[in-house]
Amino acid sequence: MTACISCQSAYAQKQVDTQHLVWTRYSLKAALNERYHLRQEIENRVYWPTWQQHQFVVRTFAERKLSEGWGSGLGFTYFRQTLPHAPDAENYTVRTELRPQLEVSYSQRLREKLSLHHRYWTEFRFFEQAGGGFAYGHNRTRYKLEVRYAVSGRTTLLAFDEIHLNIGRQVALNIFDQNRYGASVKYQASPALGAELGYLNWYQQRASGTDFYNRHILRATLHHFINLKKATSP
């Protein structure tokens, strides 16, 4: 009976803060040759309906194709976020984070129009300090599973789920960092330009281990592809 009461008490203390956001992203991919690509992403994240800044992300990656279906990448992310995580905060601070990153990906074609994509991602998180400079905090490992269905030559449906795990001595109660799942529609207007609109649910455990954020996100992306190999050839 005592154990049961303890379980009920722990469950009652769990708090979930629901928020709504809008993310807008520019995604550039530049082909250097058949094996090497550069990827640049710029994303602005704001609360809705207050339109207050939440996060700003700039991510740069160098990618290399390996054997059939496999790829690897080395990247760096510049990340800024407004604290506290409140859409109507009047007094806030902005904290910067730097993240060197490693990536391994694998693509499987299941049917003519259906494919499965795996992405393994690890990032080393360096946090801005009050006295200046940056200090290493911990590692975060991410696994993303995405399904893509080509409705036509221009339109693709996507659905994904991604889990984030914190790893490090400073991580005590929130080893499970967050889970993200969502779906979107991508329209390729031309070989160089495409647009994507989707919904993303971001469920995140806070440092306390008992409190969570449940974020509902509308995400709009402009995709841009540049063939540098073709542009530089004589």
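Points to keep in mind about this one:
- Residue match in region 176-186 (condition: surrounded by 15 or more Cβ atoms within 10 Å (Cβ to Cβ) and touching a residue at least 40 places away in the same chain (Cβ under 8 Å)): no
- Region 38-52: number of residues that are outside any strand (DSSP E or B) and out of contact with any Asp or Glu (no Cβ under 9 Å at 6 or more places or on another chain): 3
- Restricting region 195-208 to residues that are modelled with pLDDT under 90 and farther than 15 Å from residue 179 by Cβ, the residue that is most open to solvent (accessible area, probe 1.4 Å): 207
- Neighbours by Cβ (under 8 Å, 6+ apart or cross-chain): first from region 143-170, modelled with pLDDT of 95 or more; second of a type in the set (Gly, Ala, Ser) and not in a strand (DSSP E or B): 154/189
- Residue 169 being outside any strand (DSSP E or B), basic (Lys, Arg) and either over 23 Å from residue 23 (Cα atoms) or under 17 Å from the mean Cα position of the chain (by Cα) (or both): yes
- Filtered residues of region 86-134 (kept if hydrophobic (A, V, I, L, M, F, W, C) and either part of a strand (DSSP E or B) or on the phi > 0 side of the Ramachandran plot (or both)): 94, 98, 102, 104, 114, 116, 121, 124, 126, 127, 134
- Here residue 132 meets the list (1) more than 25 Å from residue 21 (Cα to Cα); (2) surrounded by 14 or more Cβ atoms within 10 Å (Cβ to Cβ); (3) not β-branched (Val, Ile, Thr) almost entirely, failing just condition (2).
- Among the residues of region 46-103, those that are under 20 Å from residue 215 (Cβ atoms), touching a strand residue (DSSP E or B) at 6+ places or on another chain (Cβ under 8 Å) and of a type in the set (A, V, I, L, M) comprise 46, 57, 83, 89, 94.
- Single residue of region 149-167 satisfying the filter (of a type in the set (A, V, I, L, M, F, W, C) and farther than 17 Å from residue 114 by Cβ) that is surrounded by the fewest Cβ atoms within 10 Å (Cβ to Cβ): 167
- Among residues of region 23-37, those that are part of a strand (DSSP E or B) and within 9 Å of residue 229 (Cβ to Cβ), counted: 1
The values are calculated or read from the model by the stated rules, or taken from the named source; none is laboratory data. Remember, predicted model here, so these are calculated numbers, not experimental data. Methodologically, a virtual Cβ is constructed for each residue, glycine included, from the backbone with ideal geometry; neighbour enumeration extends over all protein chains shown. The accessibility values were calculated without ligands, DNA or RNA, using every heavy atom of the protein model including side chains. Shrake-Rupley method; radii C 1.70, N 1.55, O 1.52, S 1.80 Å.
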